[in-house]
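Contents: one structure, followed by commentary.
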Amino acid sequence: MLEEISSARLGEKYYKYTHSSGVTVLLYPMAGYSTITAQFSVKFGSIDNCYSIDGGAPVHIPDGTAHYLEHKLFESPEKEAFARFAETGASCNAGTSYDSTRYYFSCSANFEKNLEILLDFVQHPYFTPENVEKERGIITQEITMYLDSPGWRVCMELYRDMFRNNPVRNDIAGSAESIALITDKLLYDVYDAYYDPSNMYLCIAGGFDLESAIEVCERCLLPRTGKNIASIFEPEPNRIVTRRSAMKMPLGKTNFAMGFKLPEFSGREMTEEYIYRTLLNDTSIGAATDFYRGMRDKGLINETFESSIMMGRGFFIPGIYGESDDPDKVAEEICREYERLKSAPPSEEAFMRAKKYLYGDNIRAFNNVESVAQNLSDAALTGTSAFDYTDIAACADYEGMLARLHDFDTDNFSLSVIYPTED
């Protein structure tokens, strides 16, 4: 039975139903649009490296397994998924994050056929000793490529500085050593555990016919296995592991990443914290602030300076990134500014400007089919509504931002630095 989820604020609606298999299906028809995007997602990412089935003994798997499985799922005994989508004129891809894996396509024709292909290849794994071994070298090269990227390395070192037990401290793709342990049998075992329909979400947005989408789902979604999967995580301390780390790489200017370790949030609360923390960053150290202009004038930062929030199951990190000849001074000044603002906070006018921009940016995203599909998947995976962000942003108040400012523990941060290799 379809459940209609609507937003009076936006004048928009989408539909939700749980298929008999257990798959959660979200359908967002967009009148007047010719393109369609579908995402088939599983709540299984790189942090899910230990699990139990039906309350049984813990099963540990190598780092990088989720990413490796994503690569291999496109293969089949006959024709790989990329080739099948090419024949219908669709573009397709997939991505593994810390806490999910998503398979998706975009098309402007042959929607039903493309949806059939998506549901078919994701639900029919084909792993052999030969094709698993063939992929090992490809993924090892990918890992090496990321290790050679200063922007990637500085963030990975930061997460290791911040987290003692949470697997977010490990590379999504794993390491050459960890993926050497991955076999076809292991991939089948992990697939059977995590790729259960009750742990999967199908989200479709764009110019499609609602009844046609439902018909394909009813015909192509497979029954669930009946297993109950649970990821197992070691408790994570509230405090950071180490204040600072540094390394050298060939690059033109010193890179830094600074992160504040906050408690984990989930569901709607995580969305709310994201919005308020984004507004706090924008009004405290953003490009329109006196702080930012002063730091630029002193030559401590340049145009690469930015703040963003990295969040997911078990982690929430307000981060600051950029280039600087004196990253320690930058970190010191940022902490000093946040402490100063506790007694002389950003103005309510500055808050309203930042809120208006954030809200407008979110509204514009509803005009983009791929953004809507992404938003649906995010909502499904976190157990929220695709309209929650809009509602929370619209209702965000100045006092809410000030409460986050006054509770901000500016001492619980780590700093990762990469210096240029000396000639």
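The table that follows gives values for the structure above.
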| quantity | calculated |
| --- | --- |
| Rough spin-label spacing in nm, given labels placed 7 Å along Cα→Cβ, for ARG164 and THR144 | 3.6 |
| Furthest towards positive pole of dipole, TYR194, ALA86, ASN412, structure part the chain, Cβ charges | ASN412 |
| Order of LEU262, LEU415 under a 10 Å beta carbon neighbour criterion, fewest first | LEU262, LEU415 |
| Overall form of the chain per C-alpha gyration tensor (a/c, 1.5; a/b vs b/c) | oblate |
| Gyration tensor (alpha-carbon) shape descriptor, segment 244-420, a/c threshold 1.5 | prolate |
| Isotropically averaged projected area of segment 3-94, using the convex hull of Cα atoms (one quarter of hull area), nm² | 9.9 |
| The chain: most fluctuating residue of PRO346, PRO167, PRO237 per GNM, C-alpha cutoff 10 Å | PRO237 |
| For segment 145-273, fraction of C-alpha pairs farther apart than 18 Å, in % | 73 |
| Computed [θ] at 222 nm, deg cm²/dmol, the chain (DSSP H ≥ 4; -39,500 (n - 2.57); rounded to nearest 500) | -13000 deg cm²/dmol |
| Peptide ranges 394-405, 88-99 listed from the most packed, as the mean C-beta count within 10 angstrom indicates | 88-99, 394-405 |
| GNM result for the chain, Cα springs below 10 Å: residue of SER100, SER385, SER231 fluctuating most strongly | SER231 |
| Scattering curve values for segment 3-231, log₁₀ I(q)/I(0), Debye with Cα scatterers, q = 0.12, 0.17 Å⁻¹ | -0.73, -1.27 |
| Within straight-line cross-link reach of LYS79, lysines at Cα separation under 28 Å, skipping those fewer than 8 residues along the same chain | LYS43, LYS113, LYS134, LYS185 |
| For the chain, built as a Gaussian network whose Cα springs stay under 10 Å, the top-fluctuating residue of ALA386, ALA246, ALA66 | ALA246 |
| Per-residue Cβ neighbour rank within 10 angstrom, fewest leading, HIS67, HIS19, HIS406 | HIS406, HIS19, HIS67 |
| Charge context of ILE392, other residues only, Cβ under 13 angstrom, K/R +1, D/E -1 | -2 |
| Cα shape, segment 43-147, gyration tensor, a/c 1.5 rule | prolate |
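A short reminder: the numbers here are calculations on the coordinates, not readings from a lab. Quick caveat: nothing in here was measured; it's all calculated off a predicted structure. In this analysis, Cβ positions are derived from the backbone assuming ideal geometry, glycine residues included, and neighbour counts consider all displayed protein chains.
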